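First the structure, in the form of structure tokens, and then the observations on it.
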Amino acid sequence: MFLNDVKYLAFLAGELSNSPKYFSSKMIGDVTSTFGVKTSNKWQPWGYAQRIAVAGAVAKKKEELGSSSLHLKPATIRQKVTSFIAQKKSRQEFPPLLGKAIDKVKVEPLHVKNSGWQQWHSTVLKYVLAHTNVSTVLPESIYH
């Protein structure tokens, strides 16, 4: 099992990290839908074979767009590639760097934990400062 945060796992999976259309963090507010392997789940994990098929199609599209006969700007090529990925109802841009092991990854809510600890430390600091006579702890020269 590989534990990591969402953006790094997206990189290891060969996915666009902030997809504007297919399961992005913006969709997480939908509390009535579920993620899982059952057909009743709105969102389902992508299988390795599906990832490889989309990555292959994206590679062909990049080749086609990058041909010297089209003379497209890099920004235009990128926009067309990301639109193509969205049309495939995917975020897969290239084959997973972890190979088939990508099916074993788990998201570690690192940022959620860090934010929780930050809140806890802030609360403790405020409590301690409220219950401490700072003038007895710090040298008088600081106040002048």
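The values are calculated or read from the model by the stated rules, or taken from the named source; none is laboratory data. Just so you know, these numbers come straight off a predicted model, no measurement behind them. For accessibility, only protein heavy atoms count, side chains too; no ligands or nucleic acids. Shrake-Rupley method; radii C 1.70, N 1.55, O 1.52, S 1.80 Å.
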With every protein chain in place, what's the accessible area of residue 8 (1.4 Å probe, Å², nearest 10)?
110 Å²
Quick one: of 7/100; 42/104; 73/100, which pairs are farther than 29 Å apart, Cα to Cα?
73/100
Check residue 105: other-chain or 5+ apart residues with amide H under 5 Å from its amide H, H built from backbone geometry?
2
